[in-house]
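Have a look at the structure below before the remarks.
The values are calculated or read from the model by the stated rules, or taken from the named source; none is laboratory data. Every value quoted in this text rests on a predicted model; they were computed, and no experiment measured them. Don't worry about glycine lacking a Cβ; one is built from the backbone with ideal geometry, like all the others, and counts go over all protein chains shown. Accessible surface areas use protein heavy atoms only, side chains included; no ligands, DNA or RNA. Shrake-Rupley method; radii C 1.70, N 1.55, O 1.52, S 1.80 Å.
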Amino acid sequence: TESRLTKTLTPGKNPYDIAVDSKGTVFFTESGKPVIGVVDPVTMDVKEIPFSESRIGVEGITITHDDMIWYTDEARGYLGRFDPHSGERKEWPSPSGAHSHPAQIAHLGNAILYVEAGTQPNMLVRFDEQTGTSQSWALPGTDIGYIYAEANGAVWFSRPKANRIGRMQVKDGKLGAPHN
């Protein structure tokens with residue numbers, strides 16, 4: 001087994017969430033900073049893609065089958081999509097508003113799933129890429145850690161403070177009741 005680390009990042013970068021595209025390029029967020037980091041998997045060199053808004057707080061990141069980068073903006077309450085080839089960005093407000101603190105993110109088919117960590121209870125949001133519409137479901141509790149979506153429609157989530165793992169099932173485009 002071989003382990004390699006990137007060169008030491010500039011102090012205060014705080015790498016947080018990680019996603020890998022179809023070519024093996026690693027993208028990461030820097031907790032609450034207005035950038036997305038990129039790691040070359042061969043050289044381990046790091047570069048940053050800065051976003052112009054200083055208030056942006058990129059938190060979660062996922063990459064869909066078309067290599068589009070989706071991120072949550074915890075600071076402003078937005079879901080965003082970034083095209084690393086054209087540099088184009090598009091954003092949508094989170095359903096629960098500016099203080100919803102969208103955080104953990106995953107994708108399932110053509111849907112983006114993320115957690116609004118600033119709501120009580122936390123909400124799981126399903127954003128449909130094709131229509132630009134959202135659906136939300138209450139999750140049990142307010143301490144959702146990470147989420148993972150399986151191809152069969154199961155959405156797993158962790159609840160670190162409650163010492164539990166939970167699961168929701170997507171059926172016919174709708175999520176069933178959570179179990180934890």
Could you check how many residues of the stretch 10-22 are open to solvent by 60 Å² or more (accessible area, probe 1.4 Å) and outside any loop (DSSP other than H, G, I, E, B)? 4
When the stretch 87-107 is checked residue by residue, the ones that are assigned to a loop (DSSP other than H, G, I, E, B), within 14 Å of PRO50 (Cα to Cα) and either among the polar types (S, T, N, Q) or open to solvent by 50 Å² or more (accessible area, probe 1.4 Å) (or both) are GLU88
Is it the case that the stretch 16-33 has a residue that's of a type in the set (Lys, Arg) and closer than 25 Å to GLU116 by Cβ? yes
Looking only at residues that are aromatic (Phe, Trp, Tyr) and touching a Pro at 6+ places or on another chain (Cβ under 9 Å) in the stretch 21-70, which one is farthest from HIS107 (Cα to Cα)? PHE51
Count, please, the residues in the stretch 42-63 that happen to be open to solvent by less than 30 Å² (accessible area, probe 1.4 Å), modelled with pLDDT under 95 and more than 14 Å from HIS101 (Cα to Cα). 1
Of the numbered conditions (1) at pLDDT 90 or above; (2) surrounded by fewer than 19 Cβ atoms within 10 Å (Cβ to Cβ), GLU129 satisfies every one except a single condition; which is it? (1)
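If a residue must be under 25 Å from TYR78 (Cβ atoms) and open to solvent by 50 Å² or more (accessible area, probe 1.4 Å), how many such residues does the stretch 32-41 contain? Before you say what the answer is, go through the steps one by one.
From the stretch 32-41, those under 25 Å from TYR78 (Cβ atoms) are 32-39; that's our starting set.
Adding the requirement that they be open to solvent by 50 Å² or more (accessible area, probe 1.4 Å) leaves 33.
Residues in the stretch 32-41 being under 25 Å from TYR78 (Cβ atoms) and open to solvent by 50 Å² or more (accessible area, probe 1.4 Å): 1 in total.
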Exactly one condition in (1) out of contact with any Pro (no Cβ under 6 Å at 6 or more places or on another chain); (2) at pLDDT 90 or above; (3) open to solvent by less than 30 Å² (accessible area, probe 1.4 Å) is not met by MET123; state its number. (3)
Confirm whether ASP67 is at pLDDT 95 or above and more than 17 Å from VAL35 (Cβ to Cβ). yes
State yes or no: is LEU79 surrounded by 19 or more Cβ atoms within 10 Å (Cβ to Cβ) and closer than 20 Å to ARG164 by Cα? no
Looking at GLY173 and the list (1) at pLDDT below 90; (2) closer than 20 Å to ASP73 by Cβ, which single condition is not satisfied? (2)
Go through the stretch 98-133 and give me each residue that's touching an Asp or Glu at 6+ places or on another chain (Cβ under 6 Å) and on the phi > 0 side of the Ramachandran plot. HIS101
Pair list, Cβ < 6 Å and 6+ apart or interchain, from the stretch 54-76 residues that are of a type in the set (Phe, Trp, Tyr) to residues that are open to solvent by 20 Å² or more (accessible area, probe 1.4 Å) and assigned to a strand (DSSP E or B): TRP70/ARG81
